[in-house]
Amino acid sequence: MAFQKLKNALGFGTEQKALPLTDPDALALFGAVPTSSGLSIGPSNAMRVPAVACAVSLISETIGALPVKFYDRDSKEALADHPAYRLVHDEANEWTSAAELREKLTTDALLHGAGHAQVIRLNDGTPYELHRLEPGKVQPNFEADGEPFYLVSTENSQVRMSYRDVLRIEAFGGVSPVTLGREAIALALSFENHIGGIFANGGRPSGVIKAQKIMDVEAKKKVASSWFATHGGSKAGGTAILDEGMDYTPLSMTLADTQFSENRLEQIREIARAFNIPAAMLGELSRATWSNLEQLNRQFYDMTLKPWLTDWSWAYARCLLTPEERKAAFFEAVTDDLLTTDTAARAVALGQYRSMGVITANEGRAKLNLPPREGGDTLENPYTTTSKEQAA
């Protein structure tokens, strides 16, 4: 509970020892987590790393784009007349679509550890709208028996809300991948700063000017000032002429010395591991081949999306359904388009299901987003030329 941790850190209303604000745990309360490279990593500067921005957008936008439907457990028919169907499939409220809300809450979870939305209900308890809550304004807490509740900060006070009225999407362990992978992200930022500094000097490393005779402080300042004026910034790279036996020795390691390219690729892989996403999905294609690229979507679904989609299905069911309704119906994301990479293979699979009597023609057309046709609800094999009546 962030609010209680903050109180403990400042030493208010607690018997525990106050936490110094210089302690790393105290800095984490304010979204600044120090790293061994000296950089403090938070959601804002982490998104400056292209690999992090790519991972966050790929996961959140894909989850938002996948349609979610409400099904009957027995018939697997979509229950479009239920009030919850509109909230998960069409619009969360008048100004936010259901897909946009999923995208924003998933982004909150990836950057802050959890995303929240308040369930707005009618007088009879029917869910009517879902409103996103800012990550810093929601404090999870627990009753003595373990039942969760939430303290939501408003303009004037804190409002206590039941777990049934707050839809919560949580990252693994309740900790964002940005926090878990802060060392890799900080190192990636350090690489960016390093290469930026080198190119700011015209690609020239820093160095030392050696003189054969002893110089006083003022003379050293004049030499340094003259050097920066004639060989610094946009003027770097020109021919230097040194008087009185002076010599220039570079100090910084070159990009080749530090294996810069290899290290940058490794940081992309580390960030991919933090977000549990295939590195090839972030543009790191050094180990990719044509054969394994065909399986990327399946790997992305199994490794990355499936836990998120399972969390979303349960979060929807917990807040939008009664216990009786949860026994009879369920929410599910439609992943057919994501997992369909070969049109020919899909056509063969539908044809085999049709000939086996697994699906009807209209069910197959529904998978292709085509309207039903008259007479398309039978399970007869269309590849046979005789029917039961003709055989009789």
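In whole Hz and in residue order, list the ³J(HN,Hα) couplings for the range 319-335 that follow from phi through the Karplus curve 6.51 cos²θ - 1.76 cosθ + 1.60, θ = phi - 60°; x for Gly and Pro.
Computed from phi, the couplings for the range 319-335 are 9, 9, 10, 7, x, 5, 5, 5, 6, 9, 8, 7, 9, 8, 7, 8, 10 Hz.
Name the long-range amide H neighbours of residue 120: under 5 Å, sequence gap of 5 or more, or other chain; modelled H, no Pro or chain starts.
Long-range HN contacts for residue 120: 128, 129, 130, 131.
How big is the dipole moment of the range 39-137 about its Cα centre under a simple scheme where the beta carbon of each Lys and Arg is +1, that of each Asp and Glu is -1, and everything else is neutral? Debye, nearest 20, please. Let's see the in-between values first.
Details: 10 positive and 14 negative charges, 86 e Å.
My answer is approximately 420 debye.
Too long at a 27 Å Cα-Cα cut-off: which of 76/137; 76/306; 104/137; 104/306? Could the numbers behind the result be given before it?
Values: 76/137 38 Å; 76/306 20 Å; 104/137 15 Å; 104/306 18 Å.
In this structure, 76/137 lie more than 27 Å apart at Cα.
What's the local net charge at residue 59, with K and R +1, D and E -1, over the other residues with C-beta under 13 Å away? Can you show the working numbers first?
Numbers: positive: 102, 104, 306; negative: 61, 103, 108, 311.
Once positives and negatives cancel, what remains is -1.
So what J values fall out for the range 96-108 if you push phi through Karplus, 6.51 cos²θ - 1.76 cosθ + 1.60 with θ = phi - 60°, rounded to Hz, Gly and Pro as x?
9, 6, 4, 5, 5, 5, 4, 5, 5, 5, 5, 4, 4
For residue 225 and residue 352, calculate 0.36 nm times their separation in residues minus their Cα-Cα distance, and state this gained length in nm to one decimal.
Values: separation 127, 0.36 × 127 = 45.72 nm, distance 7.95 nm.
So the chain would gain 37.8 nm between residue 225 and residue 352.
Which whole-Hz couplings ³J(HN,Hα) result when phi for each residue of the range 296-307 is put into the Karplus expression 6.51 cos²θ - 1.76 cosθ + 1.60, θ = phi - 60°, listed in order with x for Gly and Pro?
4, 5, 5, 5, 4, 5, 5, 7, 10, 7, 4, x
Using amide H atoms built 1.01 Å from N in the peptide plane, name the residues 5+ places from residue 176, or on other chains, whose amide H lies under 5 Å from its own.
For residue 176, whose amide H was placed from the backbone, the distant partners under 5 Å are 113.
So, in nm, how far is label residue 339 from label residue 57 when the simple model puts each one 7 Å beyond its Cα toward the Cβ?
Once both label points are built, they end up 2.8 nm from each other.
FYI, it's all coordinate maths here, none of it is from the lab. Quick caveat: nothing in here was measured; it's all calculated off a predicted structure. Cβ atoms come from the backbone with ideal geometry, glycine included; neighbour counts cover every protein chain shown.
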